Amino acid sequence: MSQDKKLNEKELSEKEQKHIARQKKIKAEVDERIAAAQTEKGVFQVITGNGKGKSTSGFGTVARCVGHDKKAAVVQFIKGGWECGERNLLEKAGVPFTHMETGFTWETQNRESDTKAAQAAWQVAKQYLADDTIDLVLLDELTYMVTYDYVQLEDVLNAVKNRPPMQCVIITGRAAHRELTELADTVSEVKNIKHAFKAGVKAQKGFDY
Ligand code: ATP
Ligand code: MG
């Protein structure tokens with residue numbers, strides 16, 4: 001074996017040793033954190049931000065929940081009239097869905113009827129948040145209802161605070177109110193880097209809805 005090759009092998013093994021030592025340290029730290037995380041409670045998660053992926057993330061968790069034979073329920077506070085692939089699938093799996101009857105859109109002019117529709121959907125959400133047989137409640141796009149005062153922030157905070165202790169809740173939507181993110185256990189902000197729509201690509205069935 002040439003001198004150069006021997007040197008390379010030695011360097012490689014030093015690199016490997018360093019890598020193994022680093023990984024061991026990371027594993028020890030992670031194990032320590034896993035051992036320390038002993039609290040069992042229903043998690044309140046807020047998924048906000050301007051990037052694409054908030055609702056799909058919420059629905060991903062609903063699928064995860066149902067996949068473990070647990071019970072999930074969904075209230076959609078926007079796009080009620082839209083066809084939506086996740087609804088077609090999850091309703092077949094026994095997940096109750098409620099949406100705002102008017103199919104609220106950005107163009108809506110009638111504040112009174114929007115408030116009524118939001119309140120009707122919110123009453124259903126409140127029932128879910130009081131039902132200890134439901135393991136996960138997804139309140140998709142609820143942030144907007146709070147922003148527009150169609151649903152009172154205090155009502156949402158109280159219902160989430162007083163829910164069954166093991167129930168998980170996810171609220172999605174842009175510009176989540178600070179008090180919602182303060183109350184939440186987990187907050188994720190989806191950042192927009194770019195979106196196909198801006199380049200003129202049409203919203204696609206099975207991808208965007
Ligand atoms: P998704 O339902 O795909 O997870 P989202 O819940 O993060 O998206 P919303 O703000 O609820 O996003 O918007 C819903 C629709 O608008 C989706 O069809 C999505 O593709 C589109 N959308 C999301 N983010 C952007 C963006 N930054 N620019 C343009 N369109 C967007
Ligand atoms: Mg959404």
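The values are calculated or read from the model by the stated rules, or taken from the named source; none is laboratory data. None of the values given here were measured: they were computed from a predicted structure. Here Cβ is always computed from backbone atoms with ideal geometry, including for glycine, and neighbour counts include all displayed protein chains.
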> Taking the range 29-47 only, how many residues are more than 8 Å from the chain's Cα centre (by Cα) and either within 16 Å of Tyr144 (Cα to Cα) or assigned to a helix (DSSP H, G or I) (or both)?
Replying inline: 8
> Counting just the residues of the range 102-111 that are under 13 Å from Tyr150 (Cβ atoms) and in a loop (DSSP other than H, G, I, E, B), which one comes out modelled with the lowest pLDDT?
Replying inline: Phe104
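Does Asp69 meet the test of being at pLDDT 95 or above, away from ligand 1 (no atom under 14 Å from the Cβ) and either surrounded by 13 or more Cβ atoms within 10 Å (Cβ to Cβ) or not assigned by TED's automatic domain parsing to the domain that holds Thr186 (or both)?
Working: at pLDDT 95 or above: yes; away from ligand 1 (no atom under 14 Å from the Cβ): yes; either surrounded by 13 or more Cβ atoms within 10 Å (Cβ to Cβ) or not assigned by TED's automatic domain parsing to the domain that holds Thr186 (or both): no.
No: the conditions fail for Asp69.
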> So which pairs qualify, if the first residue must be in the range 112-132 and farther than 12 Å from Met145 by Cβ, the second must be of a type in the set (S, T, N, Q), the Cβ gap must be under 7 Å, and the two must be at least 6 apart or on different chains?
Replying inline: Ser113/Thr102; Val124/Thr98; Asp132/Gln167
>> Step by step: first the residues of the range 173-209, then only those that are touching a residue at least 60 places away in the same chain (Cβ under 8 Å) and of a type in the set (A, V, I, L, M), then the one that is farthest from Val43 (Cα to Cα). Which residue is that?
In response: Ile193
> In the range 48-74, which residues are within 13 Å of ligand 2 (Cβ to nearest atom) and assigned to a strand (DSSP E or B)?
Replying inline: Thr48, Val74
> In the range 133-157, what count of residues is obtained for those that are charged (D, E, K, R) and in contact (Cβ under 8 Å) with a residue 60 or more places away in the chain?
Replying inline: 3
>> Out of everything in the range 158-174 that is surrounded by fewer than 22 Cβ atoms within 10 Å (Cβ to Cβ) and in a loop (DSSP other than H, G, I, E, B), what residue ends up being nearest to ligand 2 (Cβ to nearest atom)?
In response: Arg174
> Can you name the residue in the range 75-85 that is within 12 Å of ligand 2 (Cβ to nearest atom) and in a loop (DSSP other than H, G, I, E, B) and is also modelled with the lowest pLDDT among such residues?
Replying inline: Lys79
> Which residues, taken from the range 184-198, are surrounded by fewer than 16 Cβ atoms within 10 Å (Cβ to Cβ) and aliphatic (A, V, I, L, M)?
Replying inline: Ile193, Ala196
